[in-house]
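Reviewing the structure listed below.
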Amino acid sequence: MLKRIFVGVLGVVAVVAIVGLGLAWVQRDQLAFWWSSPRTNYGEQRTTIPVYLFAEQWAAHPDKRDNADLVPPGMTDNQATAMVDVFFIHGSSHFGYEWNAEVHDPAVKSIVDGPLMALDASVFNGCCRVFAPRYRQAHFAAIDQTTGNGRNSLELAFNDITRAWDAYVMDSNKGRPFIIVGHDQGAVLAQRLLDLRIEPGTRLSERMVAAYLIGGGIAERRFGGSFKNIKICETPTDARCVVAWETFVAGTDPVAHPNATEAWDNRAWTFLNEERRLCTNPLTWTVNSKADASQHLGALPLAADISLGFGRIMGALPTSDPSRYKTLPALVPNYTSAECVDGFLYVPEPKDAAFKAGWRGAGNLHLSDITLFYGNFRQNLIDRSEAFLKTFVPDSLRAMPGAGGR
């Protein structure tokens, strides 16, 4: 009798466990969001305001040495003579217990100063001086799902970005052409910066070479809609326009594993879920196109060593090992083909683990948006900058002493 009761209880427990696991699987995205999100409310946090008068408040700055100065073998850091600037808003690296990061938090700095500058920001030094502000970035979960806390944290992050931008324009730009680049959360914030500072059509907007919004998503309907002055980049050398892409393995459903779910559009947050997004193919620099691997100039085979793992269980947060990023490896050419389909960029599944790391779901190559196309991206920045200088900057201005000074 006791044996039968015991077996019956075990059966009930097994059924409950199976049902529980099934429900957990169905709700896995919501559970992951709950697990990774801060437990506090936005209004309970206290943060220190960064001041952008000092180079230390920038993760990359021409007046200091940083990982944005690194180059793959055979390439050159041209910042000392560059006549164009890049204002780079890096992606999410805050996985902590508050909705916004402290800019000098050791865990955050190890990721920003390590892989984000080495793998992403270094691609710009062939064409430009690199400015990448530290900012009180929103928690990485803030752009995954819509919450009041998440929106408030993005507002705070954007406040820092506008202050950094205004400080850059006043103190460092000195009338030079510039490129705006944002990746991940940075792309969401860069899109809003375009809305506020570039779209109104000021003299400042005339100096914008282009904006690259990578891994964040921008609706095609914005162009000719709320964007009247900013256009889509249709060719590799178009100016005063926008380039955008989000990278997925062919056959992946981007809706199931999205990057950003919202974007700022004309004074309001709007959902991206049902929007057709702009897709620029970084192998051709044309919209909604297809290219084979023969057009691929080189992938950077170095992964970002960021892993969420079980760090939160143990009371630790993900960090990065700076010693991994003292040098960059040689590029691997002809590595991948790429095709834009329905607003997203699809590639064959990469053969190397360096391009598979990430945390936004299987098939989402978010952390490799730049490294997978490093050679093409670097060359296009050079080509587009040179075309802009030739077309819009008089020879007399380009010949001025110190015009490209570091």
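Restricting segment 266-290 to residues that are of a type outside the set (D, E, K, R) and at positive phi leaves a set whose member that is modelled with the highest pLDDT is Trp285. Looking at the structure I just gave you, is Thr336 hydroxyl-bearing (Ser, Thr, Tyr), modelled with pLDDT of 75 or more and within 21 Å of the chain's Cα centre (by Cα)? Yes; evaluated as a whole, the condition is true for this residue. How many of the residues in segment 68-94 are of a type in the set (S, T, N, Q) and at pLDDT below 95? The qualifying residues number 2. Condition (residue is of a type in the set (Val, Ile, Thr), touching a Ser or Thr at 6+ places or on another chain (Cβ under 6 Å) and either more than 21 Å from Lys174 (Cα to Cα) or not in a loop (DSSP other than H, G, I, E, B) (or both)) applied to segment 74-84: is it met by at least one residue? Yes, segment 74-84 contains a residue that is of a type in the set (Val, Ile, Thr), touching a Ser or Thr at 6+ places or on another chain (Cβ under 6 Å) and either more than 21 Å from Lys174 (Cα to Cα) or not in a loop (DSSP other than H, G, I, E, B) (or both).
Among the conditions (1) surrounded by fewer than 18 Cβ atoms within 10 Å (Cβ to Cβ); (2) closer than 27 Å to Thr81 by Cα; (3) in contact with a Pro (Cβ under 7 Å, 6 or more places away or on another chain), the only one that Val209 does not satisfy is (1). Kindly indicate whether Asp166 is within 30 Å of Pro329 (Cβ to Cβ), modelled with pLDDT of 95 or more and acidic (Asp, Glu). No: the conditions fail for Asp166.
Cys127 fulfils the conditions (1) out of contact with any Phe, Trp or Tyr (no Cβ under 6 Å at 6 or more places or on another chain); (2) within 22 Å of Pro258 (Cα to Cα) except for a single criterion, (2).
Restricting segment 91-112 to residues that are in contact with a Gly (Cβ under 8 Å, 6 or more places away or on another chain) and of a type in the set (A, V, I, L, M), the residue that is surrounded by the fewest Cβ atoms within 10 Å (Cβ to Cβ) is Ala107. Within segment 113-133, the residues that satisfy the criterion of being in a loop (DSSP other than H, G, I, E, B) and crowded, with 24+ Cβ neighbours inside 10 Å are Asn125, Cys127.
The values are calculated or read from the model by the stated rules, or taken from the named source; none is laboratory data. Fair warning: this is a prediction, and the values are worked out from it, not measured in the lab. Using ideal geometry, Cβ is built from the backbone for each residue, glycine included, and neighbour counts are taken over all protein chains shown.
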